[in-house]
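**Student:** First the structure, then my questions, so here it is.
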Amino acid sequence: MAEIIDGKKISQDIKDETRDKVAALKEKGIEASLAVILVGNDPASAVYVRNKKKACEYTGIKSLSYELPEETTEAELLELIDKLNSDKTVNGILVQLPLPKHINEDAVIKRISPDKDVDGFHPESVGRLSIGERGFQSCTPAGVIQLLKRSNVQIEGSECVVVGRSNIVGKPMAMLLIRENGTVTVCHSRTKDLREVTKRADILVVAIGKPEFIDASYVKDGAVVIDVGIHRKGEKKLCGDVDYASVEPVASKITPVPGGVGPMTIAMLMNNCYEAAVMQNNL
Ligand code: GUN
């Protein structure tokens, strides 16, 4: 029987800690703020943006909302980013992805000042993470590190295997685990003998994007299993990249879906906004 790693509880703790830190900043006359930009009518994005604004409200971070029509041009979006980059009252800038097809996402990500890049997607943020400099960490992998640390999982010296190599999760996840002195292997859908690799893991982080792909045959007895995936299963149910029913009996600790990694992303975003305000005020 695995211990369940409760992402809802841990994310709530982080939001509460951030709320306290934001309140302490306010006492010094500094109001942390986040600009959230949504372009177009993607319903899933609208939900994410609403949740981000709610989390801002909870933590005391001022949120500025820019909801732009589908027809917004790339030039118009870049112009708004330029304006927010130079606005001293804005600490963080978040452009919700995906963007409409006529807008080049890379160009948009690169236009956000690295000082305000609270998503941690700018190449400078990625580079800083790789060489161990201070900078914004991508929220989901940073959330996974918090789940491990706050569940007393020792990363240092452990065999960590990351399944998936995306820019948003797999690659930054590997970098953060290295920073914590884990022994890190990255594997993916083209890995020759995936089972042989994942079976070595003391800590297995799965972000392969395939519903219930990892069953018990991929997992060493007693491993800690972190599931970054989220998929719809039928009408109402959600599932992850891990076959929970199969893996739970062999793992020592496991994250559920929902209620595992998911809620951590927004909690870490709030913390990044606080950090942005601290850095921009030279504290
Ligand atoms: N779309 C899905 N996840 C994310 C995220 O973490 N940040 C942004 N900006 N867009 C997303």
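Every number here is computed from the coordinates shown, using simple stated rules; none is lab data. Not measured: the values here are computed from a predicted model. Note that we place each Cβ from the backbone using ideal geometry, even for glycine, and neighbour counts take in every protein chain shown.
**Student:** Using a 10 Å cut-off around each Cβ, can you sort Cys273, Cys187 from fewest to most neighbouring Cβ atoms? Walk me through the intermediate numbers first.
**Tutor:** Details: Cys273 29, Cys187 20.
Ranked by crowding around the Cβ, least crowded first: Cys187, Cys273.
**Student:** Something else now. Add -39500 (n - 2.57) for each DSSP H run of 4 or more in the chain, then divide by its residues: what number comes out at 222 nm, to the nearest 500 deg cm²/dmol? Each step should come with its number before you reach the end.
**Tutor:** On the way: 10 runs with 116 residues, N = 283.
That comes out to -12500 deg cm²/dmol.
**Student:** Then there's this: Just need the relative contact order of the stretch 1-155 here, percent rounded to a whole number, with Cα pairs under 8 Å and 6+ apart.
**Tutor:** It comes to 21 percent, rounded to a whole number.
**Student:** Just rank Ser63, Ser189, fewest to most, by other beta-carbon atoms within 10 angstrom.
**Tutor:** Sorted ascending by nearby Cβ count, the order is Ser189, Ser63.
**Student:** Let me ask another. Going by the alpha-carbon gyration tensor, a ≥ b ≥ c the square roots of its eigenvalues, is the stretch 156-217 rounded (a/c under 1.5) or, if a/c is not under 1.5, prolate (a/b greater than b/c) versus oblate? Walk me through the numbers before you get to the answer.
**Tutor:** Values: a/c = 1.94, a/b = 1.28, b/c = 1.52.
In terms of gyration-tensor shape, oblate.
**Student:** Right, next: Considering only Gly170, Ile109, Ser125, whose Cα is most displaced toward the positive end of the charge dipole of the chain, charges sitting on Cβ of Lys, Arg (+1) and Asp, Glu (-1)?
**Tutor:** Projecting each Cα onto the dipole axis, the largest value belongs to Gly170.
**Student:** Still on this structure, please answer the following. Over all directions, what mean area does the Cα convex hull of the chain project, stated in square nanometres?
**Tutor:** The orientation-averaged projected area of the Cα hull of the chain comes to 14.9 nm².
**Student:** Using θ = phi - 60° and the Karplus relation 6.51 cos²θ - 1.76 cosθ + 1.60, list the HN-Hα couplings for the stretch 72-81 in order, rounded to whole Hz, with x at every Gly or Pro.
**Tutor:** 3, 8, 4, 4, 5, 5, 4, 5, 5, 4
**Student:** In addition: Return the loop-located GluC sites (Glu not before Pro) in the stretch 71-128 (DSSP other than H, G, I, E, B) with at most 16 other Cβ atoms within 10 Å of their own Cβ; answer none if there are none.
**Tutor:** Passing both the DSSP loop test and the Cβ count: Glu71.
**Student:** Let me ask another. So how strong a dipole does the stretch 1-153 carry about its Cα centre when Lys and Arg Cβ are +1 and Asp and Glu Cβ are -1, to the nearest 20 debye? Please list the in-between numbers first.
**Tutor:** Working: 22 positive and 25 negative charges, 126 e Å.
Roughly 600 debye, rounded to the nearest 20.
**Student:** Go through the stretch 22-34 residue by residue and turn each phi into a ³J(HN,Hα) via Karplus (6.51, -1.76, 1.60, θ = phi - 60°); whole Hz please, and just put x for glycine and proline.
**Tutor:** 5, 5, 5, 5, 4, 5, 8, x, 10, 9, 5, 9, 10
**Student:** Explain nothing, just the number: dipole magnitude of the stretch 89-242 about its Cα centre with +1 on each Lys and Arg Cβ and -1 on each Asp and Glu Cβ, in debye rounded to the nearest 20.
**Tutor:** Numbers: 22 positive and 19 negative charges, 60 e Å.
In debye, rounded to 20, the stretch 89-242 gives about 280.
**Student:** Specify the inter-centroid distance of the stretch 37-84 and the stretch 109-145, based on alpha-carbon positions, in whole Å.
**Tutor:** Between the Cα centres of the stretch 37-84 and the stretch 109-145 lies a distance of 19 Å.
**Student:** On to the next question. Give the aspartates and glutamates reachable from Lys53 as a straight Cα distance under 19 Å; neighbours fewer than 8 places away on the same chain don't count.
**Tutor:** Asp13, Asp16, Glu17, Asp20, Glu31, Asp42, Glu67, Asp117, Asp119, Glu275
**Student:** Longer than 21 Å from Cα to Cα, which of Lys54/Lys210; Lys8/Lys52; Lys149/Lys171; Lys210/Lys237; Lys21/Lys116; Lys171/Lys237 are they? Say none if no pair is.
**Tutor:** Cα-Cα > 21 Å for Lys54/Lys210; Lys171/Lys237; rest within.
**Student:** What does the charge add up to near Cys239, with Lys and Arg as +1, Asp and Glu as -1, over the other residues with Cβ less than 10 Å from its Cβ?
**Tutor:** -1
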